[in-house]
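The values are calculated or read from the model by the stated rules, or taken from the named source; none is laboratory data. Since this is a predicted model, take the numbers as computed values, not measurements. Don't worry about glycine lacking a Cβ; one is built from the backbone with ideal geometry, like all the others, and counts go over all protein chains shown. For accessibility, only protein heavy atoms count, side chains too; no ligands or nucleic acids. Shrake-Rupley method; radii C 1.70, N 1.55, O 1.52, S 1.80 Å.
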Amino acid sequence: MKSYYRVVVIGGGVVGCSVLYHLAKLGWTDIALVERKTLTSGSSWHAAGIFHALNADPNIAALQAYTIKLFKEIQADSGQNVGLHMTGGINVASAPERWEWLKAAYRIFQTMGIDTARLVGRDEIKAMHPLMDVSDVLGGLYDVSEGHVDTYGTTHAYAGAARKSGATIIENNRVLELKAKPDGWDVVTEKGTIGCEHVVNCGGLWAKQVGLMAGLDLPVTPMEHHYLVTETIPEIAAMKEELPLIVDLEGFTYTRQEGKGLLVGLYERNFKHWRMEGAPWDFGIELNQEDIDRIAPELEIGFKRFPALQQVGIKRWVNGSFTFTPDGNPLVGRAPGVRNYWTACGVMAGFLQGGGVGLSLAEMMIHGEPSTDIWGMDIARYGGWAANREYLRQTTGQFYSRRFVMTYPNEQLWAGRPLRTAPAYEAMTENGMRWGALWGLEIPLYVAPSKDFEEKPTLKRSNAHDIVGAECRKTRETVGLLDTSAFSRYEVTGPKALAWLDRVMASKIPAPGRCALAPMLAPSGKLRGDLSVFNWGDGTFWIMGSYYLRAWHMRWFRDHLEDGVNLRDISDDWVGFSLSGPRSRQLLEAVVQNADVSNQGFRFLACREIDVGLSRAKVGRLSVNGELGYEINVPASEHLTLYRTLKKAGADLGMVEIGFNAMLSLRIEKSFGLWNREFTQVYSPGETGLDRWIAFDKKGFIGRDAALKERDQGTAKRRLVTLEVAAVDADSSSWEPVWRGDKMVGYITSGAYGHTVGKSIGMALLDKAHAEVGTELKTHVVGVERKAKVIAPSPYDPSGARMRI
Ligand SMILES: Cc1cc2nc3c(=O)[nH]c(=O)nc-3n(C[C@H](O)[C@H](O)[C@H](O)COP(=O)(O)OP(=O)(O)OC[C@H]3O[C@@H](n4cnc5c(N)ncnc54)[C@H](O)[C@@H]3O)c2cc1C
């Protein structure tokens with residue numbers, strides 16, 4: 001053990017060893033892993049070791065596919081056998097919607113380049129797994145590259161390969177304390193203090209405590225999980241081939257062959273947390289007592305699916321623990337607000353995700369950014385609020401118990417809600433507003449026609465489709481009122497505020513009294529934000545964006561902060577409403593006291609302080625749906641008053657209250673993109689059309705060299721386009737492949753029905769050669785092939801005249 005390493009990785013489970021391996025592979029070799037006991041002595045030793053690519057987040061599915069490809073490589077690099085059983089695996093559907101979902105998932109696999117999967121019917125499933133009762137099975141998604149590994153061997157293979165590249169592993173040495181230093185950390189261990197530049201929390205079952213060592217309360221908790229292993233099953237003993245892995249999506253179980261018997265794991269509805277504050281320090285190679293009563297309902301379903309289970313004894317029960325986050329995805333990346341402290345924890349499936357997690361973290365540490373879009377795993381997708389114990393208990397419990405339960409795109413889940421509500425929430429609810437949740441905040445979806453109205457979960461257009469359609473039409477005909485509390489707001493002041501914005505944003509910073517769309521770039525030229533900047537004219541600037549990106553944006557802003565700049569996240573202090581539609585000016589005129597809001601007095605993209613009703617509001621003239629519109633921001637305590645004022649004034653003008661469902665339809669009719677759909681951290685301005693807003697003649701902004709290179713060398717190979725999709729009963733979603741003949745030429749980034757243009761619209765990133773207006777294409781909507789055609793952007797009001805009237 002040396003006294004200093006560049007990186008100290010805390011924890012020698014499969015994830016810590018993968019992080020160590022990837023850091024070494026990418027070139028950082030002055031690195032050490034410190035393990036409390038011996039490698040694998042957390043969750044890793046007793047995992048079932050199964051792996052498969054299927055994941056609701058396609059980016060994570062791709063990283064799982066990467067992990068699977070890695071097993072042979074680490075075995076070869078280390079000389080350690082990983083015990084690879086590439087048996088193939090089938091995700092089985094026995095409900096019609098699930099079968100549709102699997103067909104859709106198959107197409108998304110194609111987009112992600114996962115070419116080892118295909119759809120299989122009931123008979124083929126029976127032939128592959130004769131022990132299964134397939135009487136109610138509708139079909140499955142079979143992937144040849146699924147199976148299981150030996151968990152000890154895999155962890156040691158990562159470790160061995162890392163060691164060969166020069167990494168150090170120190171076992172039987174608990175990290176006791178972390179002390180921050182200006183240039184890194186002192187890691188206080190049982191065997192002495194190690195200095196380092198970076199620490200990585202791979203603490204697994206102890207991640208909570210390793211976070212608290214740096215003052216971070218991470219939204220992670222262990223939960224119990226069972227599997228059983230049977231005695232020899234004679235039919236299996238007689239087989240030549242190993243049985244495939246089965247994930248029975250309606251049956252709550254996963255199954256694989258173990259020796260000559262079966263291993264059956266369960267995700268029970270009656271979930272149980274285990275040591276929410278983290279495992280005890282003296283916890284060894286131990287298991288929990290099995291709790292058969294608690295898992296009995298799911299076990300019964302499993303026994304029906306595999307009748308042979310009723311004939312043989314159970315050789316071994318495993319009731320172990322592993323960690324969960326509110327959405328079940330890992331916490332990867334640099335912890336916001338703590339220097340050089342990285343996390344790779346909360347990894348629920350370390351054997352199928354560990355490789356991708358290790359690669360992404362190593363890329364972030366060494367190259368400054370991951371090569372794929374890992375938003376779904378980024379630790380900055382949560383704020384401190386998510387570590388609230390009750391929130392964590394509810395959300396992780398919900399995730400665990402629904403692990404194999406289908407969640408429909410229009411389904412609103414219950415856990416951790418309502419947490420944050422805007423002040424007009426109750427009044428809006430009384431008016432019929434239905435809500436979704438975003439980053440802990442209740443966000444308006446649409447106004448239901450009656451208290452009894454129930455939106456049915458579906459993969460297709462729901463029974464709320466026409467309600468949303470009416471909100472869209474009324475907005476374009478009269479005026480729509482939308483609660484904009486779910487926008488983030490950051491205040492920038494101080495003598496260097498303008499200079500800082502000029503450096504951080506790639507756009508021209510608006511003149512006093514003006515606002516503008518402002519793309520933000522990384523040094524690599526990749527997008528970091530699709531924000532709006534408001535110059536209020538008194539030395540105060542606002543940056544506005546999406547509410548759920550608050551921690552992610554603040555991490556970036558703080559990284560680039562300078563003396564002379566004061567930055568505050570004021571998103572919970574300031575809220576608001578927007579008015580949009582041809583009568584919105586008339587409405588605003590009825591409630592303003594001291595301002596000329598005519599087209600001459602308050603031009604498109606103007607912003608200023610105006611008295612609206614009783615509020616001294618900050619108003620911007622812009623809209624997210626292409627209509628004449630105003631965003632009215634007020635202190636949170638005045639939100640309800642503003643709501644009442646606008647409702648009263650709007651009553652005679654036919655004003656309609658709308659939600660985000662209408663907004664999503666209206667914006668796609670204008671081809672306006674959204675973050676994490678059309679714009680992501682791995683796309684560039686040239687691909688997405690955000691280059692239109694870049695001030696290339698401006699010197700010194702972050703990402704300028706790369707953006708100039710893209711422009712001058714024409715390196716953008718793809719282009720964001722608008723498609724008209726010949727959809728029937730469902731609209732495009734995202735990630736569906738787009739084909740020209742049999743060639744895949746791109747994929748959908750988002751889709752919706754355009755209620756006021758009467759078309760199903762998709763936005764898509766296509767290879768440039770196929771992006772011309774008029775190109776005839778195909779795509780898959782919920783797994784069904786549909787014709788699609790590239791159309792000119794902004795099918796609604798292409799000239800943009802209506803925003804400017
Ligand atoms: C019953 C069961 C079945 C499972 N089946 C599968 C499966 O089939 N496929 C799959 O992919 N996953 C499965 N899992 C999940 C899998 O086990 C975990 O995702 C994985 O082991 C997590 O690895 P980790 O490295 O993050 O954490 P851990 O394995 O918990 O490792 C953390 C390590 O950090 C060390 N540590 C903690 N604090 C300190 C400190 N202060 N100083 C030094 N060292 C410290 C610990 O000693 C430990 O070794 C299963 C889990 C269970 C319980």
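With the requirement that a residue be assigned to a loop (DSSP other than H, G, I, E, B), within 14 Å of the ligand (Cβ to nearest atom) and modelled with pLDDT under 95, what does region 48-76 give you? Before the answer, list the steps.
First, pick out the residues of region 48-76 that are assigned to a loop (DSSP other than H, G, I, E, B): 48-49, 52-57.
Okay, now just the ones that are also within 14 Å of the ligand (Cβ to nearest atom), so 48-49, 52-55.
Hits for region 48-76 are H52, A53, L54, N55.
Would you say D150 is open to solvent by 20 Å² or more (accessible area, probe 1.4 Å) and more than 14 Å from the ligand (Cβ to nearest atom)? Working first, answer last.
Values: open to solvent by 20 Å² or more (accessible area, probe 1.4 Å): yes; more than 14 Å from the ligand (Cβ to nearest atom): no.
Answer is no for this residue.
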_Selection count where residues are open to solvent by 20 Å² or more (accessible area, probe 1.4 Å) and of a type in the set (A, V, I, L, M, F, W, C), scope region 322-341_ = 2
*Kindly establish whether E235 is of a type in the set (D, E) and open to solvent by 10 Å² or more (accessible area, probe 1.4 Å).*
yes
*Consider R476 carefully, then state whether it is out of contact with any Lys or Arg (no Cβ under 6 Å at 6 or more places or on another chain), closer than 30 Å to E589 by Cβ and modelled with pLDDT of 95 or more.*
yes
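Yes/no per residue for (1) farther than 25 Å from P330 by Cβ; (2) surrounded by fewer than 14 Cβ atoms within 10 Å (Cβ to Cβ); (3) modelled with pLDDT of 95 or more:
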| position | (1), (2), (3) |
| --- | --- |
| G192 | yes, yes, yes |
| V200 | no, no, yes |
| K260 | yes, no, yes |
| R269 | no, no, yes |
_Take residues that are among the polar types (S, T, N, Q) and tell me which of the strands (runs of 3 or more DSSP E) falling wholly in region 708-790 contain 2 or more._
743-754
*Name the pairs whose Cβ atoms lie under 7 Å apart, with the first residue in region 444-471 and assigned to a loop (DSSP other than H, G, I, E, B), the second surrounded by fewer than 18 Cβ atoms within 10 Å (Cβ to Cβ) and of a type in the set (D, E, K, R), and 6 or more positions between them or separate chains?*
P457/E411; L459/E97; K460/D729; R461/D729; S462/K456; N463/K456
*Just one of the numbered conditions (1) away from the ligand (no atom under 12 Å from the Cβ); (2) more than 15 Å from S360 (Cβ to Cβ); (3) open to solvent by less than 10 Å² (accessible area, probe 1.4 Å) is not true of H22; which one?*
(2)
*Yes or no: A380 of a type in the set (G, A, S), within 18 Å of the chain's Cα centre (by Cα) and either within 12 Å of the ligand (Cβ to nearest atom) or open to solvent by 10 Å² or more (accessible area, probe 1.4 Å) (or both)?*
no
_Matching residues in region 174-190 - criterion: being surrounded by 20 or more Cβ atoms within 10 Å (Cβ to Cβ) and touching a Ser or Thr at 6+ places or on another chain (Cβ under 8 Å)_ = V175, V187
_List the helices (runs of 4 or more DSSP H) inside region 628-695, counting only whole elements, that have at least 3 residues being open to solvent by 20 Å² or more (accessible area, probe 1.4 Å)._
639-650, 660-669
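Within region 487-512, can you find the residues that are open to solvent by 10 Å² or more (accessible area, probe 1.4 Å) and in contact with a strand residue (DSSP E or B) (Cβ under 8 Å, 6 or more places away or on another chain)?
Residues of region 487-512 open to solvent by 10 Å² or more (accessible area, probe 1.4 Å): 487, 491, 493-496, 498-499, 502-503, 508-512.
Listed by number, the residues that qualify are F487, E491, T493, G494, L498, K508, I509, P510, A511, P512.
Let's see how each residue does on (1) modelled with pLDDT under 95; (2) open to solvent by 20 Å² or more (accessible area, probe 1.4 Å); (3) under 18 Å from T67 (Cα atoms):
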position: A93; (1), (2), (3): no, no, no
position: Y106; (1), (2), (3): no, yes, no
position: T116; (1), (2), (3): yes, yes, yes
position: V120; (1), (2), (3): no, no, no
*Would you mind stating whether G192 is over 22 Å from N91 (Cα atoms) and in contact with a helix residue (DSSP H, G or I) (Cβ under 6 Å, 6 or more places away or on another chain)?*
no
*The lone exception for S41 - which of (1) hydroxyl-bearing (S, T, Y); (2) closer than 12 Å to G354 by Cα; (3) assigned to a loop (DSSP other than H, G, I, E, B) it fails*: (2)
*Unmet requirement for A207, which otherwise passes all of (1) aliphatic (A, V, I, L, M); (2) within 12 Å of the ligand (Cβ to nearest atom); (3) over 30 Å from W185 (Cα atoms)*: (3)
*Among D282, D293, which is the only one that is away from the ligand (no atom under 12 Å from the Cβ) and either surrounded by fewer than 17 Cβ atoms within 10 Å (Cβ to Cβ) or in contact (Cβ under 8 Å) with a residue 12 or more places away in the chain (or both)?*
D293
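Listed here are the residues, each with its yes/no results for (1) closer than 23 Å to Q289 by Cα; (2) within 11 Å of the ligand (Cβ to nearest atom); (3) of a type in the set (G, A, S).
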position: H226; (1), (2), (3): yes, yes, no
position: E242; (1), (2), (3): no, no, no
position: V247; (1), (2), (3): no, yes, no
position: K260; (1), (2), (3): no, no, no
position: Y267; (1), (2), (3): yes, yes, no
*Only one of (1) within 14 Å of the ligand (Cβ to nearest atom); (2) in contact with a Gly (Cβ under 7 Å, 6 or more places away or on another chain) is not met by G160, so which one is it?*
(1)
*asked:* If I go through region 300-321 residue by residue, how many of them are open to solvent by 20 Å² or more (accessible area, probe 1.4 Å), touching an Asp or Glu at 6+ places or on another chain (Cβ under 9 Å) and hydrophobic (A, V, I, L, M, F, W, C)?
replied: 4
*Taking region 630-686 on its own, how many of its residues are touching a residue at least 40 places away in the same chain (Cβ under 8 Å), aliphatic (A, V, I, L, M) and farther than 21 Å from S532 by Cβ?*
7
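So which residues in region 696-708 are of a type in the set (D, E, K, R) and either free of Cβ contacts under 8 Å to residues at least 40 places away in the same chain or crowded, with 19+ Cβ neighbours inside 10 Å (or both), if there are any at all?
So in region 696-708, the residues of a type in the set (D, E, K, R) come out as 697-699, 704-705.
Scanning region 696-708 gives D697, K699, R704.
One line per residue, one yes/no per condition, for (1) hydroxyl-bearing (S, T, Y); (2) within 24 Å of A161 (Cβ to Cβ); (3) part of a loop (DSSP other than H, G, I, E, B); (4) within 10 Å of the ligand (Cβ to nearest atom):
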| site | (1), (2), (3), (4) |
| --- | --- |
| V318 | no, no, no, yes |
| P326 | no, no, yes, no |
| G333 | no, yes, no, no |
| L352 | no, yes, no, yes |
| G355 | no, yes, no, no |
